[in-house]
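The numbers here are math on the coordinates, done by the rules we state, and not lab data. Computed from a predicted model, the values in this text were never measured in an experiment. A quick note on method: Cβ atoms are made from the backbone with ideal geometry, for glycine too, and the neighbour counts reach across all protein chains shown.
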Amino acid sequence: MVITPEYPSAFEDLRVEASGSTDVDGDTVTYIYTWLRNGQPVAQYDNNTVIPAAATEGGETWRCSVVASDAIAASEPAWDEVTIASLVINTPPSITHVEITPATPSALDTLAATAYGWRDSEGAAPAYRWQWFRKSGGSWVAIAGATTDRLLSGQFVKGDKLQVRCTPWDGIAFGQAVTADVNISNSPPKTPLSVRSASTVSTSQDIVLTGLNTTDADNDPITYDFEWSVSTDRGVTWTVWDGKCSTVGCGATEAGQLWQVRVRAFDGTDYSNWSSPAYIKVADILRRRLPAGVHLLALPIEPFDGQPAALLPGSAVVVYDSRASGYRSDVQRLEVGRGYWVQNQAPLDCEIEGAFPEDRLTMTFPDRGLQIMGNPFDEPLPWRNLHSDALVPFGWYYDSAARCYRLVGNIAGLPVASEIPPWAGFWACTVRDGAQVTIDRDTAAPASETSTLSLAKRDVSEWVIRLVASGGGCSDADNYIGVLRNRATAVLNPPAPATDSLDLYIAAANGERRAIDVAGQQAQRLAWDVVVESSLPDQLITVSYPDLSDLPPEYRLTLVDLDTGEERYMRTTPSYQFRSGDGGVRRHLRIVAERESLAPLGITSFTPQEAQDRVTISYALTQPASVDVAIMNMAGRPVRRLVQDAPSTSGQHALTWNMVSETGTRVPSGMYLCRLTARAASGHQSTALRAVTLRN
């Protein structure tokens with residue numbers, strides 16, 4: 001229910017209206033009105049819906065209470081009340097003007113209207129009625145719900161003409177309305193919140209910005225401005241780059257640079273603010289998984305942070321000091337082109353940021369002698385691409401998987417490596433102080449800047465064989481002895497690795513430890529003293545000579561263990577083995593090459609003969625050989641093996657059989673076969689078979 005008018009004067013009738021009551025039974029509903037004046041019943045006006053103005057006076061409060069009734073029951077009462085304005089002489093209030101802020105708004109702004117110059121003769125407090133309008137055609141049309149001093153963004157768009165109307169009110173009367181107009185101008189696009197790019201790019205990658213999406217309240221098409229700058233000192237100083245696009249080509253970048261970019265949007269009329277800057281680092285990046293173990297390592301990249309702890313966390317790193325002829329661990333920085341011993345207890349995933357070296361790298365070594373260099377490229381490096389007139393033609397890199405050195409270089413005639421693997425350090429030797437060595441990625445050194453070592457055979461009398469030591473997971477595979485006429489060659493053994501190892505070397509008479517020791521003249525007898533050393537405790541060590549095909553047939557090759565006296569004919573035995581002790585091993589061996597007659601191997605005067613409870617077997621050889629002698633029954637089944645691989649010189653020999661079988665029992669009387677097999681060092685073999693009758 002409601003009483004109108006809301007603010008009545010003593011000259012206006014009061015009217016009450018009730019509505020909205022329903023009855024669930026469908027009965028007819030009537031309304032019962034009860035009036036109170038200043039809280040007292042006014043019975044004569046009950047059930048009247050109009051109170052005449054003559055019945056009211058200024059200052060009175062009139063209340064009407066109404067209930068709905070279906071003649072059986074009544075509802076809860078509803079009520080309303082009004083106060084009759086006192087009859088006074090009132091002057092309507094006034095204002096001088098209205099202002100809208102901002103003065104040049106966009107569709108993104110909230111408009112605020114402020115009334116100025118309030119005046120009321122009776123001193124009433126300022127009060128206003130507000131209404132906002134939009135110009136449509138030639139008329140102002142009220143904006144629904146816009147009845148406060150604020151008009152929110154979203155209630156208007158770019159190009160709208162708006163008006164606010166303010167009517168002053170003193171509680172009794174309205175004053176003259178005052179208006180203010182404003183035009184909605186273009187809304188600048190929003191500032192791009194973020195600019196995205198890869199945080200690090202390589203020198204072969206463009207810098208490409210993405211995420212350039214912003215919004216415009218007016219739905220205008222958006223373009224972007226870019227502000228680039230670059231720093232070469234990690235952001236201390238910046239230089240503006242004049243590119244104005246979203247991409248910086250890789251041709252304009254260099255490893256080690258830091259780029260900064262800001263972006264702003266443009267809608268054809270206005271710019272947004274600049275975005276916060278994005279930073280992009282230019283760096284070549286190399287990744288490699290380093291297995292657990294010991295490595296002679298080289299970096300194929302110049303790292304930005306060369307500290308070992310940053311590049312190889314948790315790893316021990318040592319470097320060779322050529323002046324001290326030893327290793328030191330105070331490594332401050334890893335440099336490209338140098339080699340370092342690295343030990344990591346667990347597999348290590350390396351990710352190194354830096355700059356790839358140029359295709360040509362030159363280094364100077366103050367002191368002559370051994371140096372640890374490094375392959376500076378992430379690809380195999382041919383030895384021939386090392387340029388220097390002061391570099392010996394070979395070196396050594398370390399095979400971490402086999403735990404051994406591998407010979408590499410310009411060496412003809414040997415099955416050695418000609419390339420240094422990527423990430424590998426290597427030993428090299430310079431022959432004078434201040435030597436310069438240039439490493440070229442693509443170009444081989446001219447003849448004037450390199451040398452070649454040839455161990456290729458020139459005729460059938462020359463030979464070179466390989467010696468290999470292995471055991472305990474380590475090996476030493478590139479050791480060579482032999483004879484090359486007028487080309488005596490000595491190659492020194494590399495320094496011991498910075499870890500447990502197995503080392504085989506030829507001990508020269510002058511005290512040198514050699515990996516290659518080739519005589520320059522043939523001789524009836526040649527000998528090489530060989531030492532096998534290892535710190536590995538309690539391991540089975542094998543010395544092998546995998547290929548003797550170069551050895552001329554007139555040579556008899558023998559391995560002698562100088563510490564135990566054992567001998568091996570190397571043509572018929574593939575290797576020699578021994579165990580290291582608790583503290584490792586240092587075993588002294590000698591390899592003897594003797595030239596023999598080339599007469600065919602023959603067995604002569606082969607006679608088995610019984611005499612006095614034994615059989616004497618005599619035979620003669622035309623040249624030295626390894627001999628097997630066995631007794632068999634007439635069916636060819638073995639009865640007794642008398643000797644096997646017994647070394648025998650040329651000439652007459654004899655041995656006896658006590659007529660006892662392999663089981664230790666005396667054999668019965670009868671006829672038996674005696675078989676003799678002789679094998680020469682050249683591989684030739686001869687066999688003879690004789691019968692012998694026993695009469696026990």
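Whole-Hz Karplus values for the range 159-172 come out as x, 5, 9, 10, 9, 10, 10, 10, 10, x, 9, 9, x, 10 Hz, taken residue by residue from phi with 6.51 cos²θ - 1.76 cosθ + 1.60 and θ = phi - 60°; glycine and proline positions read x.
Max-minus-min Cα coordinates of the range 46-171 on each principal axis give 63, 43, 25 Å, with the largest extent listed first.
With the charge dipole of the chain set up from +1 on Lys and Arg Cβ and -1 on Asp and Glu Cβ about the Cα centre, the Cα lying farthest toward the positive end among the listed residues Ser272, Ile411, Tyr128 is that of Ile411. Note on Gln577 and Ser549: with the Förster distance fixed at 25 Å, the Cβ-Cβ geometry gives a FRET efficiency of about 0.65. Using all pairs of distinct alpha-carbon atoms, the Kirkwood hydrodynamic radius of the range 200-282 works out to 13.7 angstrom. For the chain, the relative contact order works out to 6 percent when only alpha carbon pairs closer than 8 Å and six or more residues apart are counted. Each residue of the range 479-495 was assigned a 3J(HN,Hα) from its phi angle through the Karplus curve 6.51 cos²θ - 1.76 cosθ + 1.60 (θ = phi - 60°); the sequence is 10, 9, 10, x, 9, 10, 4, 6, 9, 4, 9, 10, 10, 5, 5, x, x Hz, with glycine and proline shown as x.
Taken about its Cα centre, the chain carries a charge dipole of about 5320 debye when Lys and Arg each add +1 at the Cβ and Asp and Glu each add -1 at the Cβ.
Between Leu536 and Ser501, Val585, the built amide H atoms are under 5 Å apart, and every one of these is 5 or more places off in sequence or on another chain. A viscosity of 1.306 mPa s and a temperature of 10 °C, combined with the Kirkwood radius over Cα pairs in Stokes-Einstein, give a translational diffusion coefficient for the chain of 42 µm²/s. In the chain, the sites counted are trypsin sites (Lys or Arg not before Pro) in DSSP loop states with at most 10 other Cβ atoms within 10 Å, and the longest stretch holding none of them, exclusive of the sites, is 324-694.
Amide H to amide H, with H built 1.01 Å from N, Ile603 comes under 5 Å of no residue 5 or more places away or on another chain.
Subtracting the Cα-Cα distance of Thr239 and Asp538 from 0.36 nm times their residue separation leaves 101.1 nm of extension gain.
Among the chymotrypsin sites (Phe, Trp or Tyr not before Pro) in the range 1-83, those placed in a DSSP loop whose Cβ has at most 14 other Cβ atoms within 10 Å are Phe11.
Could you give the Stokes-Einstein D for the range 459-595 in µm² per second, using the C-alpha Kirkwood radius, 4 °C, 1.567 mPa s? My calculation gives 85 µm²/s for D.
The relative contact order of the range 459-595 comes to 27 percent, based on Cα pairs under 8 Å that sit 6 or more residues apart. The HN-Hα couplings worked out from phi for the range 21-35 by the Karplus form 6.51 cos²θ - 1.76 cosθ + 1.60 (θ = phi - 60°) are 7, 10, 10, 5, 8, x, 6, 6, 9, 10, 10, 10, 9, 10, 10 Hz, whole numbers, x standing for Gly and Pro.
From the Kirkwood radius over Cα pairs of the range 2-83, Stokes-Einstein at 20 °C and 1.002 mPa s returns a whole-number translational diffusion coefficient of 160 µm²/s. Sorting the Cα pairs of the range 518-666 by distance into bins of 5 Å, from 0 upward, gives 2, 7, 13, 16, 14, 13, 12, 10, 7, 4, 1, 0 percent per bin. The value given for the range 286-453 is a Kirkwood hydrodynamic radius of 16.1 Å, derived from the mean inverse Cα-Cα separation. Neighbour counts of C-beta atoms inside 10 Å place Ile617, Ile222 in the sequence Ile222, Ile617, starting with the fewest.
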